[in-house]
1. In segment 351-364, which residue that is modelled with pLDDT of 85 or more and assigned to a loop (DSSP other than H, G, I, E, B) is surrounded by the most Cβ atoms within 10 Å (Cβ to Cβ)?
2. Among the residues of segment 81-136 satisfying the criterion of being under 18 Å from the mean Cα position of the chain (by Cα) and hydroxyl-bearing (Ser, Thr, Tyr), which is surrounded by the fewest Cβ atoms within 10 Å (Cβ to Cβ)?
3. Which ones in segment 210-267 are surrounded by fewer than 16 Cβ atoms within 10 Å (Cβ to Cβ) and basic (Lys, Arg)?
4. Do you know which of the residues in segment 56-95 that are assigned to a helix (DSSP H, G or I) and at pLDDT 95 or above is farthest from His190 (Cα to Cα)?
5. Does Asp41 count as without any contact (Cβ under 8 Å) to a residue 60 or more places away in the chain and either assigned to a strand (DSSP E or B) or closer than 21 Å to Phe192 by Cβ (or both)?
6. Residues that are more than 14 Å from Ala79 (Cβ to Cβ): list the helices (runs of 4 or more DSSP H) wholly contained in segment 96-193 that include at least 3 such residues.
7. Just to verify a result, which residue in segment 284-312, among those that are among the aliphatic types (A, V, I, L, M) and without any contact (Cβ under 8 Å) to a residue 60 or more places away in the chain, is surrounded by the most Cβ atoms within 10 Å (Cβ to Cβ)?
8. For segment 50-75, which positions are over 20 Å from Ile87 (Cβ atoms) and not aliphatic (A, V, I, L, M)?
Amino acid sequence: MRVLIAPTAFKGSLSPLEVAQAMQSGVQLFCTKYNADILTDILPLADGGDGTVESIYAACGGTLMHVNVIGAFNEERHAVWLLGDNIAFVELASASGISGWNKEQLRPLDAHTKGLGQVIRDVVDKAQAQTIVITLGGSASTDGGIGALAVLGAKFFDDQGQIVDPIGGRCLARIRSCDLTECKALLQKHKFIVATDVENPLLGPLGAAHIFGPQKNCSLEDIDLLDRSLAQFADVIELAGQSKGARDKPGAGAAGGTAFGLSVALNADIVSGFDYLSNLLDLNNRFEKADLVFTGEGLIDLSTLSGKAVGSLQKLAKQFGTPLWAFSAATVSENDSLLSSSFDKLISIARPGEYADERSIADCVFRELDKHFGNAAGHQT
């Protein structure tokens, strides 16, 4: 039997690779007990947030590059990017992410993306990468990407012609003009792609501030201010970048509007992160070869089925007719018939109040294999 192990991160605790390795350990425990022959194919997945670069590296190889940057709240942060064959992968979460902060520590009007710009600058300075893929997810900011663009040479001015310090979303309302010349110059050597599985536009009730602001500790007043500020920013930068209507593109609201800023200033294509990474990782071929697929997420709920990687795997499982077992770190509702019917098995790793770690993941996988295959395996030995 061949098992494809393709989980995402258990956010705040374990990376996709760590989850996948723990699941593999559970399979090995089962094989040891029953002398069973199970081949495992490790394919940690990421949705553009924490662990995306690590997941691509685990599947495709390349050279991991490290750089110290300024985090979203001016803290020192250690970021990583991946150099492949004429391509580089940058992860916003590594440089300007929300991970590691308690909600009450977040300052949504001040959080910025300067660290992301520093990573992109590091790629530009060190690598001959024709294509630079920027994965968006897990951001702490709602600054429209202005912090990153400023590091890459963009200049923003107020109504007095003075340069605006690009710190956080609160500065966007002051912008009246901008100069994108240095950003556009990067296009002579590099093509930029923004990968995200968020389809929200920049503004309005489905936009960056309204939908994602509450996760970043935004009050209702903060959300209104940021939405209006992003609108002012959009008016200015769309004119300068000759990109009328960019604010309405699906995905423009990703990472606090960073997708929008990058799409205008760097002519970046906004693409489906799952589709892009699926092609890169040859997911369909690996799925077709599998007899059983394991996936996992920190909390599997109805939002899982709406664009997230695990939900996309569920669609592939139906396409190929492959059994899919979904493991949730947190307890899932057993009464939700839509959720339960979407997977061949839906398993909670931890009970309420418990913590899912590598050992509990491995034990849970072993127990489920034992319940499902144990009797048959025992008769074979």
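The values are calculated or read from the model by the stated rules, or taken from the named source; none is laboratory data. Just so it is clear, the model here is predicted, and its values are computed rather than measured. Glycine also receives a Cβ, built like all others from the backbone with ideal geometry; neighbour counts cover every protein chain displayed.
1. Restricting attention to segment 351-364, the residues satisfying the condition of being modelled with pLDDT of 85 or more are 356-364.
In the following step, the residues that additionally are assigned to a loop (DSSP other than H, G, I, E, B) were identified as 356-357.
Numbers: Ala356: 23, Asp357: 17.
The qualifying residue surrounded by the most Cβ atoms within 10 Å (Cβ to Cβ) is Ala356.
2. Looking at the filtered set, the residue picked out is Ser99.
3. Residues satisfying the conditions are Arg228, Lys244.
4. Of the residues in segment 56-95, the ones assigned to a helix (DSSP H, G or I) are 56-60, 92-95.
Now drop any that are not at pLDDT 95 or above, which leaves 92, 95.
Numbers: Leu92: 18, Ala95: 20 Å.
This residue is Ala95.
5. On the way: without any contact (Cβ under 8 Å) to a residue 60 or more places away in the chain: no; either assigned to a strand (DSSP E or B) or closer than 21 Å to Phe192 by Cβ (or both): yes.
So Asp41 fails the test.
6. Working: elements: 114-126, 146-151, 181-185.
The qualifying helices (runs of 4 or more DSSP H) are 146-151, 181-185.
7. Within segment 284-312, the first condition is being among the aliphatic types (A, V, I, L, M), and the residues that meet it are 290, 292-293, 299-300, 302, 305, 309-310.
Cutting the leftovers down to without any contact (Cβ under 8 Å) to a residue 60 or more places away in the chain gives us 299-300, 302, 305.
On the way: Leu299: 14, Ile300: 28, Leu302: 12, Leu305: 17.
If we take residues in segment 284-312 being among the aliphatic types (A, V, I, L, M) and without any contact (Cβ under 8 Å) to a residue 60 or more places away in the chain, then Ile300 is surrounded by the most Cβ atoms within 10 Å (Cβ to Cβ).
8. Looking only at segment 50-75, we keep the residues that are over 20 Å from Ile87 (Cβ atoms), and these are 50, 68-75.
Residues satisfying the conditions are Asp50, Asn68, Gly71, Phe73, Asn74, Glu75.
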